[in-house]
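Here is the structure we will look at.
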Amino acid sequence: MSRIDVALDYPMLARVLRDPSELSRLSAEEFSRTIDAADAARLLGWLLERCRERNLPLNPPRWLADRLVTADARARGYERALRWEINRLQRAFLGTGLTWILMKGAGYVAANLPPGNGRRVADIDIMVAERDLSRVEQLLNEHGWEIPEMHPYDTRYYREWMHELPAMVHRDRRSVLDVHHGILPKTSRLKPSPERLLAHSIVVNGLRVFCPAHMILQGAAHLFHDGDVAGAIRDLVDLDQLFREFGRDERFWPELVAETEALDLRRPAYYAVRYARLEFGTPVPAEPLRAIERWAPPSVVRYSMDSMVRRSIAASRRTAPVAAFGLWVRMHWGKMPALHLVRHLTRKSLMGGGRYH
Amino acid sequence: MRSLEPLSQLDTAGVQLSIGPFRVRLRSDIVGVRTYLETVYTDFPITSETAAHFDIAIVSTAGWRQWMRPQANLVVNGVRPFLPLPEDLSGALFEWSLNWCVGDHAHRWVAIHAAVVERDGQAVVLSGVSGAGKSTLCAALVVAGWRLLSDEFALVDPQSGLLSPLPRPVSLKNQSISILKQRNPSGVFTPERIDIEGATFVHMKPPLASVRQAGEPARPGMIVFPRWTRDAATRLEPIPKAYALMRLAHQSFNYNYLGVRGYEAIAGMVGRTDCYTLEYSDLDDVIGRLASARTR
């Protein structure tokens, strides 16, 4: 594309993410590009919150002030749309006696946690008990959520190997809902107990979410064991914010250590703490940190993980996909037994479709 | 005419156009984009600055495709809102990308799908679905001497309740093209093209006076929902305000982003104006009726 560079300025966003005080040093045009990159990375709510805290930008030119009004309206619009979907789910489940848990972004919004601010999600995730799955699917059908027709292979992939139903789409609003019955696929080597996740879940503002330790562990498992790499920066920012928020209660860290062991998620938890500290300087008390450090992988694995994570988080658009691909293979390796993985990747490559899916 | 000299850097650092309240950065390596600007944007301020509300790039596809079937790719603030289009639509693609920007990225205002014209300090908002004839009516009013605020957007400023002008080239389709060429024999029109829905369209250069007044907001005086009907006698009928409010909210691009602010801005405007439906077939007749209804 000739001499015209249209790439988003992710390196600038990464600098601001590492050190929000950078914001005060940005020119108006750099500020503007950071808004674009943050919106694309679904971190607009985070950026605006940092701007509010610091009362920045100072005396913006009119065009930038307009852009900030727009950004604020967009972030509030995202969150409003998400709250409305949560409200529709509440209505669907009303009086059924079924237990359902809001996961990830929807959970952060429901519990009014910092990462819920101006939250933009592609889809809403909920978790139910596996035994309730068919009842829930039917109930959601009755309220307008439907599973679009798909290739029989994909249907089997979901039903046999995955920890969720195929994505459901609401027939009027076109919103997407993922119904999980665990936080990792059935075929994964790690098998965190769904029963324990359900039993420890808590009700906040009338909505059920994971307990703090499980919220962290779900995020860590998703980021460092599951497949969603595109949102890697955002997921790590979420974890950092949650660590800081939950860490204000001194009971949190010991509980996180205990629950990590109970759910057998030592490796993802180790990575979550390691990269949140490395990238964002997340404060962790000494005693739990010593326990967490014991879950480190062999140093060869750690080095390759370090370099992949660093590149996929901070790198420009041109080099990020390489690192992302490495992470993706690693995650699938953990998610599926080797033979399944080879079969799945072969099948997917023959069927065509997306670059990494 | 202003200096078009900055256009020489269109394919490198780009240019900044001032269009209504917006600073638009545009970069393009497609010669059709430059030709388009040189045809209908000659009265607009064009500088070599890079600051912008919207950073628009219209770039040709690299590689062999460039020779087989030239395409124009749109990138706005780093994202690609549309699929590529044939390169001969690249000028129009600039207008369509601006429409997308205003609808999706200009939330200081409530953006309503409507044409707005003004005379003697009172703006008339013409709101209607595509095909209802609002653009034709708007263009005819402008050629008859009314000020053009926009043929596409009513931009309501929630703070002042005023309408911000966004004068741009006026889009004309199918039969409207010859009607307006007849009414505006000295006007400047872009060459005819076929859009992706198979309609023939051109853009008409906006009047210099309207472009010069782009910084002067207008007070809404009348809201009209026009509908062109073959051989119909002109009928301008008052409608309930609640009905007008519902229709305008439905025609608003960013109502969902603005929430309560959007509702209050539209309700405020409807509360202060007279609202009508308009059925017409004779442009001269309806222009006269609107002029007298407005001064009533």
Of the candidates B:E264, B:E197, B:E49, which one comes out as most mobile in a Gaussian network treatment of chain B with C-alpha springs shorter than 10 Å? B:E197
Taking the number of other C-beta atoms within 10 Å as the exposure measure, put B:K173, B:K205 in order starting with the fewest. B:K173, B:K205
Which residues qualify? For A:V204, with a placed amide H closer than 5 Å and at least 5 residues away or on another chain, they are A:V209
Over the whole of B:71-79, what's the average partner chain Cβ count within 10 Å per residue? Rounded to a whole number, please. 4
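Add -39500 (n - 2.57) for each DSSP H run of 4 or more in chain B, then divide by its residues: what number comes out at 222 nm, to the nearest 500 deg cm²/dmol? Please report the intermediate quantities before stating the final value.
Details: 10 runs with 93 residues, N = 296.
Rounded to the nearest 500, it is -9000 deg cm²/dmol.
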Count of Lys pairs (Cα-Cα under 30 Å; at least 8 positions apart or interchain) in the protein assembly as shown: 16
Loop-resident sites, region A:203-311, for GluC sites (Glu not before Pro), counting at most 14 other Cβ within 10 Å (DSSP): A:E250
Farthest towards the positive end of the dipole of region B:5-105, among B:P70, B:I30, B:G20 and with Cβ unit charges of +1 on Lys and Arg and -1 on Asp and Glu, lies the Cα of B:P70
What percentages make up the Cα-Cα pair-distance distribution of the protein assembly as shown when the bins are 20 Å wide from 0? 17, 44, 31, 8, 0
Which distance in Å, rounded to a whole number, links the C-alpha centroids of region B:142-168 and region B:234-262? 16 Å
Just to be sure I understand: with springs between alpha-carbon atoms less than 10 Å apart, which residue in B:S171, B:S186, B:S48 has the highest mean-square fluctuation in the Gaussian network model of chain B? B:S186
Positive end of the dipole of the protein assembly as shown, charges at C-beta (+1 Lys, Arg; -1 Asp, Glu), about the Cα centre: which of A:V169, A:L265, A:M215 has its Cα farthest in that direction? A:L265
In region B:91-161, the chymotrypsin sites (Phe, Trp or Tyr not before Pro) that fall in loop regions by DSSP, at most 11 other Cβ within 10 Å: none
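With +1 on each Lys and Arg Cβ and -1 on each Asp and Glu Cβ, and nothing else charged, work out how big the dipole of the protein assembly as shown is about its Cα centre, in Debye to the nearest 20.
Values: 83 positive and 72 negative charges, 107 e Å.
For the protein assembly as shown, the charge dipole is close to 520 debye.
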Name the most mobile residue of B:D11, B:D120, B:D195, meaning the one with the largest mean-square fluctuation, in a Gaussian network model of chain B with Cα contacts below 10 Å. B:D120
For A:R120, B:R193, ascending order of other Cβ atoms within 10 Å (fewest first) is B:R193, A:R120
Using alpha carbon centers only, region A:22-69 is separated from region A:110-131 by a whole-angstrom value of 25 Å
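Since every read-out is calculated from the coordinates, none of them should be taken as a lab result. The shown structure was predicted, so the numbers you read here are calculated from the model rather than taken from an experiment. A quick note on method: Cβ atoms are made from the backbone with ideal geometry, for glycine too, and the neighbour counts reach across all protein chains shown.
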